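First the structure, in the form of structure tokens, and then the observations on it.
Please treat every number below as a calculation from the coordinates, not as lab data. Keep in mind it's a predicted model, so treat the numbers as computed, not measured. Note that we place each Cβ from the backbone using ideal geometry, even for glycine, and neighbour counts take in every protein chain shown.
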């Protein structure tokens, strides 16, 4: 149950309203007027709450739940206990997410400018935006409407951010053009100079990093993630992409639309990820690679070659998952055989 000290629940909503907003089908149309006041797990839900089932591992919890209603795939609805209404949907977790957002809508900024904020007179800030304590906004910055710039964030000269952005505390942004509905969590750094040097026995000569970071609409970037600006070409992040905490994205990297980049991933310079690429935690990419659309990279994989579209890889160096599993099985058998011989 959400702690009321930190979360404010909206509603109640009727099951009919939830069905309409999520595109679900009620197993009992007569229950459309029944109200629920919150969301909960199958185990914690009661007759006033709605839950979901998306994994067969929890089928027994589903059969024993006391929830008023459960989002569930049509083929699993037969396991519902008496008194529980099913909201059937082909993707019940997505339907639940939409319902949960209705119960717990994001906090809207309250238009204000804290007295300790430092804002250059040339900066343009859209209406209904909130600028919190300690924020620094540089020359010729453009920030859209209904944005929230949280405490101690720094937005350097010339940066542009679209409408409905939420910039977390202690975020640093420079050399960036950013779309609408941008969300970045505490401590992230966007637009720092890329790690580029000319190598010589007499020392290292820094190569000026003259590109930008260009971020599309509805992008989320996690806490303490770093995105370097391009060396000449821009670093780019496509619409709808989600980037977790503690990710490093180097200069000139291009990430497509709707990618998922999980924590501790590192992407070296000039590597390109197509649309819908997913990377597991602690995966690492060498530079100048092309990762095809829809590719899936398992956790702790080392990517040292181009990956075709939709290929699923694992290991270091990464190979197709089935090949990797065969290799592991073979090594296990060889090790067991050697142990018997000894």
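Neighbouring Cβ atoms within 10 Å as the yardstick, rank 324, 251 fewest first.
Details: 324 18, 251 26.
In order of increasing Cβ crowding within 10 Å: 324, 251.
Modelled label-to-label distance, residue 73 and residue 108, 7 Å Cα→beta-carbon offset: nm?
Taking the two extended label points, one gets 3.8 nm.
Using the beta-carbon distance between residue 82 and residue 56 and R0 = 22 Å, what value does 1/(1 + (r/R0)^6) give for FRET efficiency, to the nearest 0.05? Display every interim value, and only then the final one.
Numbers: r = 21 Å, r/R0 = 0.95.
Efficiency at R0 = 22 Å is approximately 0.55.
Provide the gained length on full extension for the span residue 217 to residue 290, in nm with one decimal, where the gain is 0.36 nm per separating residue minus the Cα-Cα distance. Write down the numbers at each step before the final one.
Values: separation 73, 0.36 × 73 = 26.28 nm, distance 2.29 nm.
Additional length available on full extension: 24.0 nm.
Taking the mean number of other Cβ atoms within 10 Å as a proxy for protection, how do you rank 270-280, 5-15 from highest to lowest?
Highest-to-lowest ranking by the protection proxy: 270-280, 5-15.
When each pair of different Cα atoms in the stretch 189-342 is counted once in the 1/r mean, what is the Kirkwood radius in angstroms, to one decimal?
Working: mean 1/r = 0.0609 Å⁻¹.
Computed over Cα pairs of the stretch 189-342, the Kirkwood hydrodynamic radius comes out at 16.4 Å.
Restricting the calculation to Cα positions, tell me the Rg (one decimal) and the Dmax (whole number) of the stretch 1-129 in Å.
Spelled out, the Cα radius of gyration and Dmax of the stretch 1-129 are 19.0, 64 Å.
For the stretch 12-76 and the stretch 211-257, write down the distance between their C-alpha centroids in whole Å.
If you average the Cα positions of each part, the centres end up 37 Å apart.
Please check which bits of the stretch 253-269 a label hung off residue 325 would reach, taking the label as a point 7 Å along Cα-to-C-beta and the cut-off as backbone N under 17 Å.
No residue qualifies, since no backbone N sits under 17 Å from the label point.
Do you know the relative contact order of the chain, to the nearest whole percent, from alpha carbon pairs under 8 angstrom that are 6+ apart?
Numbers: 989 pairs, mean separation 22.2, N = 342.
Dividing the mean separation by the residue count of the chain yields 6 percent.
Give me the distance in nm between label points sitting 7 Å out from Cα along the Cα-to-Cβ direction at residue 21 and residue 157, one decimal.
With each label placed 7 Å out from Cα toward Cβ, I get 4.6 nm.
Using the Cα gyration tensor of the chain, with a ≥ b ≥ c the square roots of its eigenvalues, what is the shape: rounded (a/c below 1.5), prolate (a/b larger than b/c) or oblate (neither)? If you can, show how the numbers build up before the last one.
Numbers: a/c = 2.60, a/b = 1.16, b/c = 2.24.
In terms of gyration-tensor shape, oblate.
What shape does the stretch 216-305 have by the C-alpha gyration tensor, where a ≥ b ≥ c are the square roots of the eigenvalues, rounded means a/c under 1.5, and otherwise prolate means a/b greater than b/c and oblate the rest? Don't jump to the answer; show the numbers that get you there.
Numbers: a/c = 1.19, a/b = 1.06, b/c = 1.12.
It comes out rounded by the Cα gyration axes.
Could you check the spin-label model distance between residue 197 and residue 124? Points 7 Å from the Cα along Cα→Cβ, value in nm.
For residue 197 paired with residue 124, the spin-label model returns 4.1 nm.
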